[in-house]
Amino acid sequence: MIEQDTVKLLRECDAGVKMGVDSIEEVLPYVRADALKQRLGTCRDEHEKLNKEIQSQLDRYRDEGKDPNPMVKTMSWVKTSVKLAVNESDKTIADLMTDGCNMGVKSLNRYLNQYKAADEVSKDIAKRLINLEEQLTIDMRGYL
């Protein structure tokens, strides 16, 4: 049970971190404020660093991980494209990032509760990813 929950939690973290990186890269070309661009770039780098840890743990279990749900990814892309087409501003980007982070935090907490038997290393990774998302939400407040 421990191994099964561990792998499932790691897969969800893998999908979440990939979704976060994709979302940040999607909006970066539209960012105007240098400070916002720097913060998003730093957050993307932190996500990628965490993804290396996730991949290392998944490799231990000989698991390939999980990509974000294609439907969710498409819906996110459409929402981002439409909102930026209507209002290409840092405020819109901050709003999109806040919504995405909130969804990620909600999902990751749900998976932490669902996969209670996961090992402590995997739980720690999930909690650090949650913290990254929560911190980005806080950092976005000044741009809303």
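The values are calculated or read from the model by the stated rules, or taken from the named source; none is laboratory data. Values in this document were obtained by computation on a predicted structure and should not be read as measured data. Glycine gets a Cβ as well: all are built from the backbone with ideal geometry, and neighbour counts include every protein chain shown. Areas reflect the complete protein model, heavy atoms only, side chains present, ligands, DNA and RNA absent. Shrake-Rupley method; radii C 1.70, N 1.55, O 1.52, S 1.80 Å.
In table form, for the structure just shown:
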{"quantity": "Candidates A33, A85 - the one that is over 25 Å from R11 (Cα atoms), among the small types (G, A, S) and in contact with a helix residue (DSSP H, G or I) (Cβ under 7 Å, 6 or more places away or on another chain)", "calculated": "A33"}
{"quantity": "Long-range neighbours under 6 Å by Cβ, at least six apart or interchain, first residue more than 16 Å from S56 (Cβ to Cβ) and open to solvent by 40 Å² or more (accessible area, probe 1.4 Å) within segment 106-124, second modelled with pLDDT of 95 or more and of a type in the set (A, V, I, L, M, F, W, C)", "calculated": "Y111/L9"}
{"quantity": "Neighbours by Cβ (under 7 Å, 6+ apart or cross-chain): first from segment 129-144, more than 20 Å from I54 (Cα to Cα); second of a type in the set (G, A, S) and open to solvent by less than 80 Å² (accessible area, probe 1.4 Å)", "calculated": "M140/A94; Y143/A94; L144/A94"}
{"quantity": "Segment 49-102: number of residues that are within 27 Å of D5 (Cβ to Cβ), at pLDDT 90 or above, polar (S, T, N, Q) and surrounded by fewer than 19 Cβ atoms within 10 Å (Cβ to Cβ)", "calculated": "3"}
{"quantity": "Residues that are in contact with a Gly (Cβ under 8 Å, 6 or more places away or on another chain), open to solvent by 10 Å² or more (accessible area, probe 1.4 Å) and not hydrophobic (A, V, I, L, M, F, W, C), drawn from segment 1-41", "calculated": "R11, G16, G20, S23"}
{"quantity": "Segment 36-66: number of residues that are among the hydrophobic types (A, V, I, L, M, F, W, C) and closer than 16 Å to T137 by Cβ", "calculated": "3"}
